[in-house]
Amino acid sequence: MSPQERPEFKNVTITGEVTIYKNVKIGEGSVIDGPCVLGKPPRGKKDGELELVIGKNAVIRPFTTIYAGNKIGNNFQTGQGASIREENVIGNDVSVGTNAVLEFENKIGNDVRIHSLCFLEMVTTGDHVFFGPNVVFTDDPHPMLCPKYKECSGGVKVADLVKVGAGSVLCPGVKIGRNALVGAGAVVTKDVPEESVVAGNPARVIKKIDELECYIGAFERPYVWPPYKK
């Protein structure tokens with residue numbers, strides 16, 4: 001489709017085959033590259049029954065699908081093949097990488113990088129958070145088909161300034177404290193204290209953030225730059 005076919009999308013660049021359902025709002029300055037699908041109704045919902053809001057200056061790359069029932073802030077970006085299901089609230093300046101999957105009921109803060117191949121469901125994050133490639137968040141301790149799973153451990157809660165290394169798995173209900181670092185490949189089964197570094201399977205505290213060293217000696221230690229230190 002072209003912007004001329006949907007005149008409500010002012011100053012939005014649409015290229016390729018883009019399917020846009022009813023009740024979709026896209027902010028000015030956005031670029032939508034098809035093929036992609038925006039506002040697809042979830043199972044059991046009608047076209048237009050739920051609203052999809054995407055803020056200003058979004059970049060939606062090919063093969064992305066974003067369902068209806070999401071609210072997304074300004075300066076949003078996806079990689080190719082991202083999938084975003086319903087009932088997500090996503091802040092400003094968020095990036096969702098190639099083939100990443102956001103299932104339902106995630107609450108994502110501002111300035112969050114969700115790298116390629118990540119999987120999130122019922123995750124809550126603060127601001128200035130980084131998830132490396134292939135990070136998996138779980139929310140159900142007893143799959144499958146437990147009728148009370150939403151009332152059980154629930155999704156992972158991630159505080160401001162957290163960094164999670166590639167290939168990590170975070171188990172249901174854990175809390176990751178402010179400015180913590182989860183090492184690559186860790187399996188996090190318990191809460192992570194703030195300002196700490198955890199690694200291993202199961203993940204254990206190995207040091208504090210202020211004990212990290214800069215590999216090349218360019219800084220006193222890592223994370224002495226904004227937004228970690230202001």
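Tabulated data for the structure shown
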| read-out | value |
| --- | --- |
| Distance between modelled label sites at Trp225 and Lys10, nm, 7 Å Cα→Cβ extension | 3.9 |
| Positive-end residue, the chain charge dipole about Cα centroid, Cβ charges, pick of Pro141, Gly73, Leu161 | Pro141 |
| For region 1-104, size of Cβ-based charge dipole, Lys and Arg +1, Asp and Glu -1, in debye | 120 |
| Centre separation in Å (Cα based) which lies between region 166-229 and region 103-137 | 16 |
| Top of Pro147, Pro41, Pro172 by mean-square fluctuation, Gaussian network on the chain, Cα under 10 Å | Pro147 |
| Alpha-carbon Debye profile of region 42-170, log10 I(q)/I(0) at 0.10, 0.11, 0.19, 0.22 Å⁻¹ | -0.29, -0.36, -1.07, -1.37 |
| Cα shape, region 1-104, gyration tensor, a/c 1.5 rule | rounded |
| Unsatisfied cross-links (Cα-Cα over 30 Å) in the set Lys46/Lys163; Lys56/Lys163; Lys45/Lys190 | Lys46/Lys163; Lys45/Lys190 |
| Calculated FRET efficiency for the pair Lys71/Ile206, C-beta based, R₀ 45 Å, to 0.05 | 0.75 |
| Convex hull (Cα only) mean projected area of region 142-230, reported in nm² to one decimal | 6.6 |
| Net dipole in debye of the chain [+1 Lys, Arg Cβ; -1 Asp, Glu Cβ; about Cα centre; nearest 20] | 120 |
| For the chain, the spread of Cα positions along each principal axis, largest first, Å | 57, 48, 23 |
| Förster radius 30 Å - calculated FRET efficiency between Glu51 and Thr189, Cβ distance, rounded to 0.05 | 0.20 |
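Where a number appears in this text, it was derived from the coordinates with a stated rule and is not lab data. Fair warning: this is a prediction, and the values are worked out from it, not measured in the lab. No Cβ is skipped: glycine too gets one built from the backbone with ideal geometry, and neighbour counts run over all protein chains shown.
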